[in-house]
Amino acid sequence: MRSRAKAGWVRPGAVGTLAATDADFILEVSPAGLLLAASDTVGRVLGWDLQQCVDQGIGSVLGDDAQRAALRQLLNQTIATGGARTTLQVSGATAVLWVDVSAKHLVDEPGAPVLIVARDVSHDLTAASQLAASEQQWRLAFEHSPIGGALLDADGGILVVNAALCRTLGWTEHELTRMDVTDVVVSQGGLPWHEWWNGLLEGDAESTTADRMLRTSDGRQAWGRLTAATVTSAASPARVIMQMEDITGRREAELELANRALHDGLTGVPNRFLTRQWLASALEDDPGCRVGVLYCDVDRFKVVNDSLGHAAGDSLLIQVAERLRGPLRPEDLLGRMGGDEFVMVMEGIRTQAELEEIASRLVAALDQPFDVGGHKHAVTLSLGGTIGAHPDTADDVLMRADLALLRAKRMGRARYVAFDPEQDRLATRADLQLEDDLRMSLSSDELRAYYQPIVTLSDLAVAGHEALVRWQHPQRGLLPPAHFLELAESSGLIRPLGWWMLSQACQDAANGREGLVDQGWVAVNASPSQLARPGVVADVTRALVASGLRPERLHLEITETALITASATLAKELAELSELGVRIALDDFGTGYSSLSLLRQFPVDLVKIDRSFIEPVLRDRSAYAIVKAVLSMCRDMGLPTVAEGIETVEQRDLLRELGCTHGQGFLFGRPVPLSVRVPVPTPPRPRRSASHDRQVRSA
């Protein structure tokens, strides 16, 4: 005992100290519980009265009987076995602490003191308690969630499920936890299951969501929105937590809406939109495929509607659609175009004879009378047919079949007629109806402005755009000018159509719409019919003022023919426009009378060379000579030139060498609406031989 006293052990009336960290409490205690020595943390952190512990024992400073009993039990176990370990609650100066206690005999002899080492684990126990509470809350939320949930192992085995998932799939918890995830989730080609699963485990994404078909216990088709995330831990293997939200009702509603959008509400067959898309796909997917199209309507259907009512008419159309399906192959399409008109699309039809045979079967399918409103009603069909193939468009093929149908009806109905380009060319789909449609388009927002870039050939920078009209026909789709400008000219509608185009182009350019701002001029065509009436200056000025476009940014393109036949009034008005700042472009130069005096008589600011000369310029000696002469003359007069229809780099380079200042054509960009902006390509300039001009001249 003397050696211990020298080391700081307790002598009567004093307490020694033992070195320790702030987290440790080290005490040497007699079997009776009296303190013999202690680390300074015992007094400093716990706030115990060490002298009291020496005189009366440690139990005198503990908080309650339970703490004293725990200490007594620790000492007794240590005396009996030589050591003990437990977790105790002790009272400190400011709080009750939980400590991890390890006790050991210092010397293995009766009455020897006990060394106690204690560490504060209050924070650890609190954290463990909070974790347990959190896990309990998570488990309660998982078990009572309205959305199905499962915990899976890395191989896809189902470890834990909640009640909602059992309700969704119809299996019990016992059954599901003996299954694999692939037993309940249907594998689909659009999302390979093993790739998705491996990517999830390898950490490609923190979580992922996908809509998948689910297998249920009763074979019912169900859809689930799966959201999965990996749960990783150093102490346990990877797990996947997955939620399966039942979206069967939502999916069925979406499919129903999509079906309604693509199918006729009365007969259930594909509607006009889907029929057209189907035909377009058939023509494009296999360029070598020939597609037969039959266009038919029910003869004298209006009689049924007028005499028996619309309900009877609807009943008849439903029965007709059912009968028309019969002679068709499963892969063929039957669509309703509207009213009593139906279209059949059949791929793999090679000859007109095959198409006529199908038409005969369709006619025969309607031989038996229909029961309509309690009356027996006989129905006949008029049909027109054609065979389309790539590069025909769906609109082209449908129009040809419709033209044949019109001829069948003119020939007395109840017959099939194949499209004949010679005969049906004269029966041009009731031009009066098209004229009425065009007249309505001027006030129904169906006209569209398209723009094609005009570039400077020296550097390929955009110098301006030509405004070109398109017609978004409600039934025929987007129509190019060739489909309606001739009709507009002959009907007198070209004038309001032309001024609409002028007003729209000025507004687009002035408002900076989609790249037209600060990109030079906007060119608008003016037809001879527009220019034939007085008031050209007033109409142009009105468009400029309404839009705020500067006059010098407007190019009015006028053909040679219009200038040749121009009246004195028009000549005066063109001069006034020129003084105002509007540029006058001589369009399609070379296709009219080619009178060079036009360039002196009128205030022409720019000459456009027609594409009919540009296309053969590399191979035709005459075209080359004309283009070269025109460019030379315009260069001497100080007039800029635009070559129309440039499609190849070789054409571009030759024209640039001949002195052409500007170019327009598919090489630089196709006409597009303002919502589509296609950058002007800058292809590399190929090498050219020095004898190129000589080769063209001798061609």
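The values are calculated or read from the model by the stated rules, or taken from the named source; none is laboratory data. This one's a predicted model, so the numbers in the text were calculated from it and none came from an experiment. Here the Cβ is made from the backbone with ideal geometry for all residues, glycine too, and neighbour counts use every protein chain on show.
Tabulated data for the structure shown
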| quantity | calculated |
| --- | --- |
| Matching residues in segment 480-500 - criterion: being in contact with a strand residue (DSSP E or B) (Cβ under 7 Å, 6 or more places away or on another chain) and surrounded by fewer than 21 Cβ atoms within 10 Å (Cβ to Cβ) | Pro480, Pro481, Trp500 |
| Condition check for Met411: exposed (fewer than 13 other Cβ atoms within 10 Å of the Cβ) and assigned by TED's automatic domain parsing to the domain that holds Asp285 | yes |
| Filter result for Leu266 (buried (at least 16 other Cβ atoms within 10 Å of the Cβ) and either touching a strand residue (DSSP E or B) at 6+ places or on another chain (Cβ under 7 Å) or closer than 23 Å to Leu362 by Cβ (or both)) | no |
| Some residue of segment 177-191 being in the same structural domain as Glu245 (by TED's automatic domain parsing), buried (at least 17 other Cβ atoms within 10 Å of the Cβ), closer than 15 Å to Thr230 by Cα and modelled with pLDDT under 85 | yes |
| Residue within segment 452-475 that is within 30 Å of Ala509 (Cα to Cα), buried (at least 16 other Cβ atoms within 10 Å of the Cβ), modelled with pLDDT under 80 and in contact with an Asp or Glu (Cβ under 8 Å, 6 or more places away or on another chain) present | no |
| Residues located in segment 640-676, provided they are under 38 Å from the mean Cα position of the chain (by Cα) and in a strand (DSSP E or B) | Glu644, His662, Gly663, Gln664, Val672, Pro673 |
| Flag if Leu333 is farther than 15 Å from Ala418 by Cα, modelled with pLDDT of 90 or more and crowded, with 21+ Cβ neighbours inside 10 Å | no |
| Residue that is surrounded by the fewest Cβ atoms within 10 Å (Cβ to Cβ) [pool: residues in segment 153-163 that are modelled with pLDDT under 85 and in contact with a strand residue (DSSP E or B) (Cβ under 7 Å, 6 or more places away or on another chain)] | Ala154 |
| Residues being crowded, with 20+ Cβ neighbours inside 10 Å, under 12 Å from Ser91 (Cβ atoms) and not β-branched (Val, Ile, Thr) - total across segment 41-77 | 4 |
| Hits in segment 659-673 (condition: surrounded by 15 or more Cβ atoms within 10 Å (Cβ to Cβ), out of contact with any Phe, Trp or Tyr (no Cβ under 9 Å at 6 or more places or on another chain) and at negative phi) | Cys660, Thr661, His662, Gly663, Gln664, Leu667, Phe668 |
| Options Ser441, Ser491: the member that is at pLDDT below 90 and not assigned by TED's automatic domain parsing to the domain that holds Asn525 | Ser441 |
| Meets criteria (farther than 30 Å from Ala523 by Cβ and assigned to a strand (DSSP E or B)) for Ile454 | no |
| Check on Leu403, buried (at least 20 other Cβ atoms within 10 Å of the Cβ) and free of Cβ contacts under 8 Å to residues at least 40 places away in the same chain | yes |
| Criterion violated by Val240 - all others in (1) assigned by TED's automatic domain parsing to the domain that holds Asp332; (2) buried (at least 17 other Cβ atoms within 10 Å of the Cβ); (3) hydrophobic (A, V, I, L, M, F, W, C) satisfied | (1) |
| Members of segment 78-88 that are among the small types (Gly, Ala, Ser) and either under 15 Å from Ile116 (Cβ atoms) or crowded, with 16+ Cβ neighbours inside 10 Å (or both) | Gly82, Gly83, Ala84 |
| Of all residues in segment 202-218 being more than 15 Å from Thr182 (Cα to Cα) and loosely packed, with under 14 Cβ neighbours inside 10 Å, the one that is modelled with the highest pLDDT | Asp218 |
| Candidates Ala312, Ala321 - the one that is in the same structural domain as Arg410 (by TED's automatic domain parsing), among the small types (Gly, Ala, Ser) and farther than 22 Å from Arg272 by Cβ | Ala312 |
| Members of segment 343-357 that are out of contact with any Leu (no Cβ under 6 Å at 6 or more places or on another chain) and either of a type outside the set (Val, Ile, Thr) or surrounded by fewer than 14 Cβ atoms within 10 Å (Cβ to Cβ) (or both) | Met346, Glu347, Gly348, Arg350, Thr351, Gln352, Ala353, Glu354, Leu355, Glu356, Glu357 |
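So that you can scan it fast, the table gives a plain yes or no per residue for (1) free of Cβ contacts under 8 Å to residues at least 24 places away in the same chain; (2) aromatic (Phe, Trp, Tyr); (3) touching a Pro at 6+ places or on another chain (Cβ under 6 Å); (4) not assigned by TED's automatic domain parsing to the domain that holds Arg413:
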site: Glu341; (1), (2), (3), (4): no, no, no, no
site: Glu347; (1), (2), (3), (4): no, no, no, no
site: Glu357; (1), (2), (3), (4): yes, no, no, no
site: Leu362; (1), (2), (3), (4): no, no, yes, no
site: Asp367; (1), (2), (3), (4): yes, no, no, no
site: Leu383; (1), (2), (3), (4): no, no, no, no
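Per-residue answers, yes or no, for (1) surrounded by fewer than 17 Cβ atoms within 10 Å (Cβ to Cβ); (2) among the aromatic types (Phe, Trp, Tyr); (3) over 30 Å from the mean Cα position of the chain (by Cα); (4) outside any strand (DSSP E or B):
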position: Thr275; (1), (2), (3), (4): no, no, no, yes
position: Asp297; (1), (2), (3), (4): no, no, yes, no
position: Leu316; (1), (2), (3), (4): no, no, yes, yes
position: Glu322; (1), (2), (3), (4): yes, no, yes, yes
position: Met337; (1), (2), (3), (4): no, no, no, no
